[in-house]
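What follows is a single structure, written as structure tokens, with notes after it.
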Amino acid sequence: TAAGIPDFRGPQGVWTLQRKGLPLPKLHTSFVYAKPSLTHQALLGLMQSGKLQYICSQNVDSLHLRSGVPRSQLAELHGNCFAERCKKCKTEYVRDFEMDTVGFKQTGRRCTKLGCPGMLVDHILDWEDALPPAELKATEQHASSAGLSLCLGTSLQIIPAANLPLRTVRSGGKLAIVNLQATPKDKKAHCVIHARVDEVMSVIMQQLDIPIPAYTRTDRVQLSHIAKLTSSSSQQQQEPIIFISSSQAPQQPLQAATLLPLLQQQLLLGALASSSGRLSSE
């Protein structure tokens, strides 16, 4: 795909090659450093302009969230390999690293929400897992009320997700499909384009005169520090420090030269906020 991640059902897709007994495609980039494509950013532009209300994704790569799409306007029906959720309060944490498990298994971390000691589990559906009810229901409602549903870069073979766009048609709206190969829903669509999605979306954005937002990678680091009070009482206090965000060029790891000044600044601010009098920070 344009993001450097193999697809599943295209001519060189993972499942296609697996059925033929051929070697699986190689990653051009790791999931950690994959960046949103032109289409991801174009969808963000359409959303910011008010033309796009909701996105339903079957991908688990977190690229829609990285592009800047609000979580409240995104359904991740198959989960997110960078996300984990608290079993107790349902708080979701989106990380910069992939989960090691699938099927809602414990990750070994706990919820950091005040007053909640819940265990965190991965948010990646296994084959036998049901789709998330709240996100599925929201997608159904948006599909039924939409004037136009866009199906971009999907084979439309997996049920029930493949049937969701038909709700738009049944409600009097229109359906447009852009995919390199034919899909089972092509005959139901008002417009079918067999082409690369990035090329089509580039033309559409030009015609609509809507700018495509630039993508800037953000890496986050969380630290804690110990503040030593150099007073008569030799107390030590360990406090968490908020996430540090550092914007980097796309696909570039966070470099130590950029990270260290940020860490030093946050260590000092954290120490000052948690202590009074003279102190040293370790």
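The residues listed here are Asp209, Asp198; of these, the one that is surrounded by fewer than 17 Cβ atoms within 10 Å (Cβ to Cβ) and modelled with pLDDT of 90 or more is Asp209.
Quick one: in the range 129-149, of everything that is in contact (Cβ under 8 Å) with a residue 60 or more places away in the chain and within 22 Å of the chain's Cα centre (by Cα), which residue is farthest from Glu92 (Cα to Cα)?
For the range 129-149, the residue satisfying everything is Ala143.
Checking the stated criteria, Val102 turns out not to satisfy the condition of being touching a Phe, Trp or Tyr at 6+ places or on another chain (Cβ under 6 Å) and more than 30 Å from Gly50 (Cα to Cα). Filtered by the rule that a residue be more than 19 Å from Val200 (Cβ to Cβ), within 22 Å of the chain's Cα centre (by Cα) and crowded, with 17+ Cβ neighbours inside 10 Å, the range 158-168 gives Ala161, Ala162, Leu164.
Within the range 100-130, count every residue that is more than 19 Å from Arg71 (Cα to Cα) and among the aliphatic types (A, V, I, L, M). Within the range 100-130, residues that are more than 19 Å from Arg71 (Cα to Cα) and among the aliphatic types (A, V, I, L, M) number 4.
Under the condition of being of a type in the set (Val, Ile, Thr) and under 11 Å from the mean Cα position of the chain (by Cα), the residues counted in the range 33-67 number 1.
The single condition among (1) under 22 Å from His142 (Cα atoms); (2) of a type outside the set (D, E, K, R); (3) crowded, with 16+ Cβ neighbours inside 10 Å; (4) out of contact with any strand residue (DSSP E or B) (no Cβ under 9 Å at 6 or more places or on another chain) that Ser171 does not satisfy is (3). Taking the criterion of being part of a loop (DSSP other than H, G, I, E, B), open to solvent by less than 40 Å² (accessible area, probe 1.4 Å) and touching a Phe, Trp or Tyr at 6+ places or on another chain (Cβ under 7 Å), the residues of the range 44-98 that qualify are Asp61, Ser62. Consider Asp219 carefully, then state whether it is at pLDDT below 95, touching a helix residue (DSSP H, G or I) at 6+ places or on another chain (Cβ under 8 Å) and among the acidic types (Asp, Glu). No: the conditions fail for Asp219.
Number of residues in the range 117-139 that are more than 20 Å from Ser57 (Cβ to Cβ) and open to solvent by 20 Å² or more (accessible area, probe 1.4 Å) equals 3.
Which condition breaks for Cys116 when tested against (1) closer than 29 Å to Glu92 by Cβ; (2) part of a helix (DSSP H, G or I)? Against the list (1) closer than 29 Å to Glu92 by Cβ; (2) part of a helix (DSSP H, G or I), Cys116 comes up short only on (2).
The values are calculated or read from the model by the stated rules, or taken from the named source; none is laboratory data. In this text, all values refer to a predicted model and were calculated from it rather than measured experimentally. When we count neighbours, we look across all protein chains shown, and the Cβ atoms used for this are built from the backbone with ideal geometry, even at glycine. Areas reflect the complete protein model, heavy atoms only, side chains present, ligands, DNA and RNA absent. Shrake-Rupley method; radii C 1.70, N 1.55, O 1.52, S 1.80 Å.
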